[in-house]
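The values are calculated or read from the model by the stated rules, or taken from the named source; none is laboratory data. These numbers were taken from a predicted model, which means no experiment stands behind them. Methodologically, a virtual Cβ is constructed for each residue, glycine included, from the backbone with ideal geometry; neighbour enumeration extends over all protein chains shown.
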Amino acid sequence: MITEHALLPVKPGMEDDFMMAFGEARKLMAQTPGFIDLSLSRSIETPNEFLLLVRWESVEAHTAGFRGSANYAKWSAALHHFYEPFPVVEHFAAVDPSGSGPGPVPAPR
C-alpha cells in the first residue's frame with residue numbers, strides 16, 4: 001500500500017466552490033481499481049490550502065490506473081482550475097522506524 005500526498009493551493013476566495021466540487025469529484029477517484037480511501041484536510045493557518053491523502057494498493061493504481069482513465073479527465077475538468085500553483089503530488093511507502101520490518105533500517109546510535 002502507498003499513500004499519495006498532495007498539498008492543494010486553492011485560489012483565495014474559491015475554497016467553498018472547491019470543497020463542493022471535490023465532494024463530487026472524489027466519487028470519480030473512488031471508482032478506480034486499487035483505490036483504498038482518501039482524506040481531505042484544510043489548513044488552519046492557511047485556509048486556502050488543503051492536504052489530500054489517498055491510499056492506493058500501488059503507485060501504478062494511481063499513475064496508470066486513475067490518471068490513465070476517462071474519470072481522470074473529468075476529475076481534471078472539475079478541479080484543476082482551482083489550483084495556483086499546480087500541486088506537487090508524491091507517493092509514500094510506510095516504513096518501520098524500529099528497523100525490524102520492511103523499509104530502511106535506521107543507523108545504529
Condition met for Asn71 (at pLDDT 95 or above, surrounded by 13 or more Cβ atoms within 10 Å (Cβ to Cβ) and touching a strand residue (DSSP E or B) at 6+ places or on another chain (Cβ under 7 Å)): no
Regarding Phe18, is this residue surrounded by 15 or more Cβ atoms within 10 Å (Cβ to Cβ) and modelled with pLDDT of 95 or more? yes
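Here's the yes/no breakdown for (1) in contact with a strand residue (DSSP E or B) (Cβ under 6 Å, 6 or more places away or on another chain); (2) acidic (Asp, Glu):
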site: Thr3; (1), (2): yes, no
site: Glu15; (1), (2): no, yes
site: Met20; (1), (2): no, no
site: Gly23; (1), (2): no, no
site: Arg26; (1), (2): no, no
site: Gln31; (1), (2): no, no
site: Ile36; (1), (2): yes, no
site: Leu40; (1), (2): yes, no
site: Ser43; (1), (2): yes, no
Taking into account only those residues within the stretch 21-62 that are assigned to a strand (DSSP E or B) and of a type in the set (Val, Ile, Thr), which is nearest to His91 (Cα to Cα)? Val54
Has the stretch 23-37 got at least one residue that is within 21 Å of His81 (Cα to Cα), of a type in the set (Val, Ile, Thr) and in contact with a Ser or Thr (Cβ under 9 Å, 6 or more places away or on another chain)? no
